[in-house]
Amino acid sequence: MSICLLIALVGPLGAAQVEAAGLNMFPECPPPARRIVVSDLGGASLDQRLTLHTLQGLVNREGEAELYLLAADWDERWLRHLHDLGAVESAETVPREQLLDRYHDSYRTVVHYDPRVPGTINVATMVASLEDGVVVGPESGPVPTEGKRTVDLRGRWESNAEAYRWALDDLWPRMSHRVLAAYHPLGTSHMLRDYLVAHRVFTIWVTSEEKADGVVSDYGSERAVFEDLMGASPANIPLIGFVTSGLDHGLTEYAGVGLAGQYGKLSVVSNFMSNASLLSGVDADLAGSIERYWAKPRRPCPKLDRSKVYLALCIVESGDAPAYWQFRQHEVWDDPLQGRVAINWSVGPAVLELLPPMFQYFVDRATPLDHFYTAISGAGYVHPFRDFMAQTADPEAAWDDYLELTNRSMRALGSTSLGLYTDAWRTFDRGAGDPVTRRFAEGLPMVDVLVMGMGRDDGLTEDTAMYILPGTDVLVTHILSRWPHDHGTRSREENIAWLVEDIRGQTPEERPAFMSVMALSWSHDASSLREVLDRLGPDYVPVLLPELRTLWESR
């Protein structure tokens with residue numbers, strides 16, 4: 001269920017504010033039942049998973065959500081957390097082979113996708129969402145059909161684009177106009193489809209030029225439908241799933257997020273999200289947890305030592321993705337030194353609505369050395385410096401609405417720092433960029449620090465990376481480190497060595513010195529960052545973003 005947060009906002013170094021912050025970026029979900037049904041999908045085929053995830057969406061969208069599927073490695077962990085929270089009292093285990101019989105009355109339609117045309121998996125999901133259906137394929141196994149209507153999409157279209165065009169013409173008027181999805185037809189084992197069905201989300205995928213065959217799949221024609229959908233839908237709504245996939249890079253992250261943003265769509269990376277149709281309805285006391293987090297005694301700001309380098313270690317990327325908090329972040333936070341190294345963690349506000357019990361888990365465990373700030377780039381993952389809102393009907397009004405959404409998001413988190421995506425390590429031109437930066441500095445009453453970039457942009461030096469934006473009281477601090485593109489194949493030692501050398505290479509010669517650097521979350525945890533600091537030596541002092549601002553002002 002969408003949460004309405006009443007939070008006592010205690011800034012890290014400031015006084016309390018009390019403000020109601022209703023986000024309501026996403027449709028409401030019903031609360032979970034006290035007694036839920038759990039079923040293990042281990043060993044199930046992709047088609048079986050498709051059928052059962054679409055069934056889950058139907059079961060969970062009315063009354064109380066009660067079906068929880070063990071679809072990924074992390075699902076058992078979070079099921080235990082739901083018990084610990086008291087969100088559910090008990091769980092009945094039901095073999096997956098019995099679920100269709102158990103919930104025979106929950107579906108009235110059986111929708112067959114066409115294996116020749118992968119896009120029909122997404123179209124079938126949309127039809128199922130509107131017709132109370134489950135989606136089946138050749139390997140779904142036995143599906144009870146007595147008394148059920150059949151919708152057969154096999155042989156109806158010759159290409160993905162034709163199928164998506166039909167859906168845009170015929171289904172879009174009945175689909176939700178509050179949220180859209182970009183989702184690979186075979187991606188991430190269909191884990192997001194329960195949410196897509198539950199909320200009748202229009203779902204599309206654009207095949208990359210490299211993967212397209214020019215007949216069934218065609219980049220140009222699929223992109224044309226995608227852009228028509230973007231233009232037909234309201235500005236400032238989320239685009240869930242993701243525009244790229246491990247199976248096919250699709251529109252690509254850079255181009256796809258930028259293109260969606262031109263039409264005012266806010267990317268919310270959630271392609272790995274599981275059980276969202278149940279978890280998003282959990283009435284977690286997230287507001288209380290956030291209040292208690294900010295109320296924890298903070299250490300005094302370090303006294304300025306003019307011989308030191310003050311280093312803000314920022315986890316810039318992935319915190320904007322709700323799914324990241326569900327499946328990767330708990331691995332990072334299981335580190336024995338977690339909470340004992342000063343680290344700044346970016347948070348995308350969507351997680352507060354989509355997965356409130358997940359984020360509450362981290363907020364409750366955060367120490368005063370864990371600083372949460374609003375992720376790149378506010379209400380959603382967007383590229384504000386690249387024609388953001390340019391294709392909307394009224395770009396200025398759309399910008400104003402986005403800033404208001406971001407303002408409410410920051411208040412919900414209690415954050416006074418905000419990360420902004422610049423342009424993928426390209427040259428940052430302040431002449432062109434400052435007017436956009438100013439929109440955030442002047443349009444967000446809470447903001448006092450803007451953390452710029454997802455890695456060091458070309459042309460930035462230690463002398464140009466930190467400044468007060470003229471005419472404002474907002475500190476702009478550009479990220480000054482990068483990461484190796486092959487970080488996933490490098491050893492822990494190699495990733496530590498890379499970051500140490502990159503920081504040293506960007507360290508200002510004059511003292512005191514001030515730097516914001518990015519530690520890639522897929523390569524680092526508190527222990528590896530402690531090793532980075534140890535190798536840098538005692539001249540480098542890790543600080544939180546509010547401390548960085550205070551120290552920089554007192555230099």
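The values are calculated or read from the model by the stated rules, or taken from the named source; none is laboratory data. These numbers were taken from a predicted model, which means no experiment stands behind them. Positions of Cβ are backbone-derived with ideal geometry, glycine not excepted, and every protein chain shown enters the neighbour counts.
So which of Leu499, Leu520 ends up being outside any helix (DSSP H, G or I), within 29 Å of the chain's Cα centre (by Cα), of a type outside the set (Asp, Glu) and closer than 17 Å to Val316 by Cβ? Please lay out each step first, then the result.
Details: Leu499 fails: outside any helix (DSSP H, G or I).
Checking each option against the conditions leaves just Leu520.
Output the residues belonging to segment 482-496 that are hydroxyl-bearing (Ser, Thr, Tyr) and assigned to a loop (DSSP other than H, G, I, E, B).
To start, the set of residues in segment 482-496 that are hydroxyl-bearing (Ser, Thr, Tyr) comprises 489, 491.
Selection gives Ser491 alone.
Kindly indicate whether any position in segment 90-113 is under 25 Å from the mean Cα position of the chain (by Cα), surrounded by fewer than 19 Cβ atoms within 10 Å (Cβ to Cβ) and touching a residue at least 40 places away in the same chain (Cβ under 8 Å). If you could, list the steps in order and put the result at the bottom.
Taking segment 90-113 and keeping what is under 25 Å from the mean Cα position of the chain (by Cα), we get none.
No: zero hits.
Can you tell me which residues in segment 72-103 are closer than 27 Å to Phe362 by Cα and of a type in the set (D, E, K, R)? I'd like the intermediate steps shown before the answer.
Start the filter on segment 72-103 by keeping residues that are closer than 27 Å to Phe362 by Cα, which leaves 72-91.
Result: Asp73, Asp75, Glu76, Arg77, Arg80, Asp84, Glu89.
Could you check segment 435-445 and list, in sequence order, the residues that are without any contact (Cβ under 8 Å) to a residue 40 or more places away in the chain and either buried (at least 19 other Cβ atoms within 10 Å of the Cβ) or in contact with a Pro (Cβ under 6 Å, 6 or more places away or on another chain) (or both)?
Taking segment 435-445 and keeping what is without any contact (Cβ under 8 Å) to a residue 40 or more places away in the chain, we get 435, 437-438, 441-442, 445.
If the condition is that a residue be without any contact (Cβ under 8 Å) to a residue 40 or more places away in the chain and either buried (at least 19 other Cβ atoms within 10 Å of the Cβ) or in contact with a Pro (Cβ under 6 Å, 6 or more places away or on another chain) (or both), then Thr437, Ala441 are the ones that fit.
Any idea which residue in segment 38-75 is nearest to Gln98 (Cα to Cα), counting only those that are among the acidic types (Asp, Glu) and assigned to a helix (DSSP H, G or I)?
Taking segment 38-75 first, the residues among the acidic types (Asp, Glu) are 40, 47, 62, 64, 66, 73, 75.
Add one more test, that the residue is assigned to a helix (DSSP H, G or I), and what stays is 47, 75.
Details: Asp47: 16, Asp75: 20 Å.
Out of the qualifying residues, it is Asp47.
I'd like to check something: does segment 321-334 contain any residue that is in contact with a strand residue (DSSP E or B) (Cβ under 6 Å, 6 or more places away or on another chain) and buried (at least 22 other Cβ atoms within 10 Å of the Cβ)? Spell out the reasoning first.
Taking segment 321-334 first, the residues in contact with a strand residue (DSSP E or B) (Cβ under 6 Å, 6 or more places away or on another chain) are none.
Checked against the condition, which is being in contact with a strand residue (DSSP E or B) (Cβ under 6 Å, 6 or more places away or on another chain) and buried (at least 22 other Cβ atoms within 10 Å of the Cβ), segment 321-334 yields no hits at all.
Regarding Arg154, is this residue within 26 Å of the chain's Cα centre (by Cα), more than 13 Å from Trp205 (Cα to Cα), basic (Lys, Arg) and surrounded by fewer than 19 Cβ atoms within 10 Å (Cβ to Cβ)? Give the steps one after another, and end with the answer.
Details: within 26 Å of the chain's Cα centre (by Cα): no; more than 13 Å from Trp205 (Cα to Cα): yes; basic (Lys, Arg): yes; surrounded by fewer than 19 Cβ atoms within 10 Å (Cβ to Cβ): yes.
No, not satisfied.
Please work out if Ser528 is under 24 Å from Leu304 (Cβ atoms), in the same structural domain as Leu420 (by TED's automatic domain parsing) and not in a loop (DSSP other than H, G, I, E, B).
Numbers: under 24 Å from Leu304 (Cβ atoms): no; in the same structural domain as Leu420 (by TED's automatic domain parsing): yes; not in a loop (DSSP other than H, G, I, E, B): yes.
Here the answer is no, as Ser528 does not meet what is asked.
Considering Ala432, Ala379, Ala390, which residue is within 21 Å of Val474 (Cβ to Cβ), loosely packed, with under 15 Cβ neighbours inside 10 Å and of a type outside the set (Asp, Glu)?
Ala432
Taking Thr125 as the residue in question, decide whether it is of a type outside the set (Asp, Glu) and assigned to a helix (DSSP H, G or I). Give the steps one after another, and end with the answer.
Values: of a type outside the set (Asp, Glu): yes; assigned to a helix (DSSP H, G or I): yes.
Yes.
Out of the strands (runs of 3 or more DSSP E) lying entirely within segment 366-481, which hold 1 or more residues that are more than 21 Å from Val347 (Cβ to Cβ) and touching an Asp or Glu at 6+ places or on another chain (Cβ under 6 Å)? Explain how you work it out, then say what you get.
On the way: elements: 370-374, 417-420, 449-452, 466-468, 475-478.
Result: empty, no element qualifies.
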